[in-house]
Amino acid sequence: MTVVPNELADYILDFLHDDRKALKACSLTCRIWYPTARYHLYRQVHLTSPAACETFYQLLQCEDTRHLGQFTRYLHVSKAIAHTTGDKPQDVIHHQRWSSIFSAVPNVETFHMSFLEMDNTFYSHIIPNFARTTDLTLQYCRFSSFGDFASVFLAFPSLERCTLRGISWENGQLAFTHTAAEQRGTQIRIKGLTLGRDIDLQLLVEWLLQEHLCDELESITACCAFESDAAVMGGLLRAAAPNLKQVDLDWYCSSYRDVRLPFDFTLASCSSLRTLALRCPIALHSQVPWVNSLVSDVDATQLETITLEIRLLGSLTALDWQRLEQIVTQDTFKSLKTVELKIAVWHTASQHRHHAEAFVRAQLPRLHSKGMLHFVD
């Protein structure tokens, strides 16, 4: 057998970082390959059931493998809480397992939690163990109160990026001020914030601004289902405007024929903006004048890319394309390099995708001739 240099073996194993079956085979094939294979095998840990949680817990109890949690950089916990009631012995053992698991993975950088009932005992094990986590996702998690959610959120002192979607709480009162920055000892400075659907945006944004968590925000991705959502996001955009480099807005107002921006929703103060993405459906007989209104209002001093993503059920004439071209070819948009379009044609729509793209090219001749117009999948 030809001897493979360690450096080359590591290089090969790096290419297999997401192939767990191959990594397991490599770890059993050669003792020299074992450290690198082990590193990749446990760099990402997915605990997506009580059984997976139990297996990982037992692994951490063995003398030879209790250190494996040190390699974990990505942790995903989903549907992994066994539903028990009362103070039965199995309850105590179950929560002791979470305490052991979370304390064994001190180097997690990305933490993803989804479809969890965040009771007090469970989230109390989260709070002391994730000082190095910079990227947090909470998706369809339920809390007893907004205060419990805030306690979990503030348990990540190094947090830079956060994604929230489908977060709910039984008691939604913003009645606590004890979490102010000067009392926490460290100030969280979020750089990137993603707000999906099914959230009480008004309460959440009010708290984020109260706690000064968005003072250095550089990227916002948000989904608005109602005008009230857009109004709330307008307040957040104004507060974060000086540092914003990327704005991604999905406005799904399917109940309105004529979708317009709230008067105070503006990007005029976002002087550092480089990327603007606007996403929306075009329903039957609807108009979307808000797109041109927002683009015409943007501070385009440093704007380089505009992305439009359209989910097409109705007609492309819902958007005034010629007006859009007039706006983005003005001297104020001299930094603009690319206009990207993604058109997803619903199966019930009257147009095919290639017909839709041909229509847009004909409506934006100057952008097309300059090579600035690009269609993406």
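The values are calculated or read from the model by the stated rules, or taken from the named source; none is laboratory data. Bear in mind the structure is a predicted one, so any value in this text is a computation, not a measurement. Quick reminder, even Gly has a Cβ in these numbers, built from the backbone with ideal geometry, and neighbours come from all protein chains shown.
When the residues of the range 228-256 are filtered to those that are of a type in the set (G, A, S) and in a helix (DSSP H, G or I), the one that is nearest to I306 (Cα to Cα) is A241.
Of the helices (runs of 4 or more DSSP H) lying entirely inside the range 287-377, those carrying at least 3 residues that are in the same structural domain as L267 (by TED's automatic domain parsing) and farther than 17 Å from L249 by Cα are 321-328, 353-363, 365-369.
Let's see how each residue does on (1) modelled with pLDDT of 90 or more; (2) more than 20 Å from the chain's Cα centre (by Cα):
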site	(1), (2)
R142	yes, no
R165	yes, no
T177	no, yes
A180	no, yes
R189	no, no
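Scanning the range 290-307 for residues that are at pLDDT 95 or above and of a type in the set (S, T, Y), we see that the one that is nearest to the chain's Cα centre (by Cα) is T307.
In the range 57-82, the residue that is farthest from Q44 (Cα to Cα) out of those that are within 25 Å of the chain's Cα centre (by Cα) and part of a loop (DSSP other than H, G, I, E, B) is I81. Residues that are within 19 Å of the chain's Cα centre (by Cα), surrounded by fewer than 18 Cβ atoms within 10 Å (Cβ to Cβ) and at pLDDT 85 or above do not occur anywhere in the range 252-273. Among the residues of the range 185-227, those that are of a type in the set (A, V, I, L, M) and part of a loop (DSSP other than H, G, I, E, B) comprise I188, I190, I199, L213, L217, A225.
Filtering the range 315-352 to residues that are modelled with pLDDT of 90 or more and within 26 Å of the chain's Cα centre (by Cα) leaves L336, K337, T338, V339, E340, L341, K342, I343.
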